[in-house]
1. Among the numbered criteria (1) more than 14 Å from chain A (Cβ to nearest Cβ); (2) modelled with pLDDT under 95, which single criterion is violated by B:Ala142?
2. Would you call A:Thr28 polar (S, T, N, Q), in contact (Cβ under 8 Å) with a residue 24 or more places away in the chain and more than 18 Å from B:Val123 (Cβ to Cβ)?
3. Which members of the stretch B:124-136 meet the condition of being facing another protein chain (nearest Cβ under 10 Å) and among the small types (Gly, Ala, Ser)?
4. Given the criterion more than 10 Å from the chain's Cα centre (by Cα) and over 23 Å from B:Gly82 (Cα atoms), identify the matching residue among A:Gly82, A:Gly40.
5. Is it true that some residue in the stretch B:93-109 is basic (Lys, Arg), under 14 Å from the mean Cα position of the chain (by Cα) and more than 18 Å from B:Met1 (Cα to Cα)?
6. What number of residues within the stretch A:6-19 satisfy the criterion of being over 11 Å from the mean Cα position of the chain (by Cα) and either within 14 Å of chain B (Cβ to nearest Cβ) or in a loop (DSSP other than H, G, I, E, B) (or both)?
7. Within the stretch A:57-67, how many residues turn out to be outside any strand (DSSP E or B) and within 14 Å of chain B (Cβ to nearest Cβ)?
Amino acid sequence: MKLLYFAWMRQRIGTGEETLTKPDGMATVAELIAHLAARGPGYAAAFENPAVIKVAINQDYADFTSPIADGDEIAFFPPVTGG
Amino acid sequence: MISVQAEPFDLSRELALLTDGRTDIGAIVTFTGRVRDLGEAFLKAMTLEHYPGMTERQLEEIENEAQTRWPLQASRIIHRYGRLEPGDDIVLVITCSAHRQAAFEAASFLMDWLKTKAPFWKVEETETGETWVEAKAEDDAAADKWGK
């Protein structure tokens with residue numbers, strides 16, 4: 001999976017992009033978040049309040065129950081503030 | 001047509017590209033969003049980050065949605081990214097229709113959806129440092145009123 005992080009999530013994690021081989025048994029966005037949040041203090045800080053985090057799979061908005069696959073591009077970001 | 005770009009845009013040029021030689025357009029609404037002073041803290045600049053690829057897809061979807069909801073003869077969305085200073089333009093929306101109501105409503109719809117769906121994030125640079133702009137509940141409420 002290609003993982004992307006934007007805005008303050010990118011800053012807290014320390015990178016905007018990385019790849020991750022989907023661990024066996026991981027099926028949803030929520031499980032991916034739990035996995036990432038346990039990777040270290042930067043990740044924990046980025047995912048500390050999942051209620052405010054948005055997720056997109058392959059550049060379309062998704063939600064935490066959405067299924068994930070190994071070839072997916074999965075992006076995490078705070079609420080958008082364009083316009 | 002949509003563009004996501006770092007470069008400034010020229011409203012009169014964009015307007016001419018949409019309308020020159022056409023006699024069927026009776027109403028044109030243009031909206032320009034700009035970087036402004038904050039009032040309480042001196043804003044030096046604002047940097048817009050975006051999600052290349054998804055941004056373009058979202059803007060195209062939003063524009064298509066407006067085209068299905070209102071009888072638009074032409075529309076244009078330009079959204080800038082990168083470092084912008086007070087007085088700089090951020091976003092341009094142009095809607096053209098036979099009558100004013102469709103043009104006004106579609107422009108308002110496009111801006112409400114841009115604010116809440118387009119993957120851009122603003123970080124403000126003031127004398128005290130950098131702060132990520134927080135999403136506003138009133139923007140969500142404005143977008144919600146259009147339904148889905």
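1. Only one criterion in (1) more than 14 Å from chain A (Cβ to nearest Cβ); (2) modelled with pLDDT under 95 is unmet by B:Ala142, namely (1).
2. Working: polar (S, T, N, Q): yes; in contact (Cβ under 8 Å) with a residue 24 or more places away in the chain: yes; more than 18 Å from B:Val123 (Cβ to Cβ): yes.
Answer is yes for this residue.
3. Within the stretch B:124-136, just B:Ala135 meets the criteria.
4. On the way: A:Gly82 fails: over 23 Å from B:Gly82 (Cα atoms).
Among A:Gly82, A:Gly40, only A:Gly40 is more than 10 Å from the chain's Cα centre (by Cα) and over 23 Å from B:Gly82 (Cα atoms).
5. Filtering the stretch B:93-109 for residues basic (Lys, Arg) gives B:100.
Checking which are under 14 Å from the mean Cα position of the chain (by Cα) leaves us with none.
Looking for residues that are basic (Lys, Arg), under 14 Å from the mean Cα position of the chain (by Cα) and more than 18 Å from B:Met1 (Cα to Cα), one finds none in the stretch B:93-109, hence no.
6. The initial filter retains those residues of the stretch A:6-19 that are over 11 Å from the mean Cα position of the chain (by Cα), namely A:7-8, A:11-12, A:14-15, A:19.
From what's left, either within 14 Å of chain B (Cβ to nearest Cβ) or in a loop (DSSP other than H, G, I, E, B) (or both): A:7-8, A:11-12, A:14-15.
Looking only at that region, the number is 6.
7. Let us first name the residues in the stretch A:57-67 that are outside any strand (DSSP E or B), namely A:58-59, A:63-66.
Applying the additional criterion that residues be within 14 Å of chain B (Cβ to nearest Cβ) yields A:58-59.
The number of residues fulfilling the criteria is 2.
Rundown of residues vs (1) away from chain B (no Cβ under 12 Å); (2) assigned to a helix (DSSP H, G or I); (3) surrounded by 17 or more Cβ atoms within 10 Å (Cβ to Cβ), yes/no style:
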{"site": "A:Leu4", "(1), (2), (3)": "no, no, yes"}
{"site": "A:Ala30", "(1), (2), (3)": "yes, yes, no"}
{"site": "A:His35", "(1), (2), (3)": "yes, yes, no"}
{"site": "A:Ala45", "(1), (2), (3)": "yes, yes, no"}
{"site": "A:Val55", "(1), (2), (3)": "no, no, yes"}
{"site": "A:Ala69", "(1), (2), (3)": "yes, no, no"}
{"site": "A:Ile74", "(1), (2), (3)": "no, no, yes"}
{"site": "A:Gly83", "(1), (2), (3)": "no, no, yes"}
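The values are calculated or read from the model by the stated rules, or taken from the named source; none is laboratory data. All values reported here derive from a predicted model rather than from experimental measurement. Note: ideal-geometry Cβ built from the backbone for every residue, glycine included; neighbour counts use all protein chains shown.
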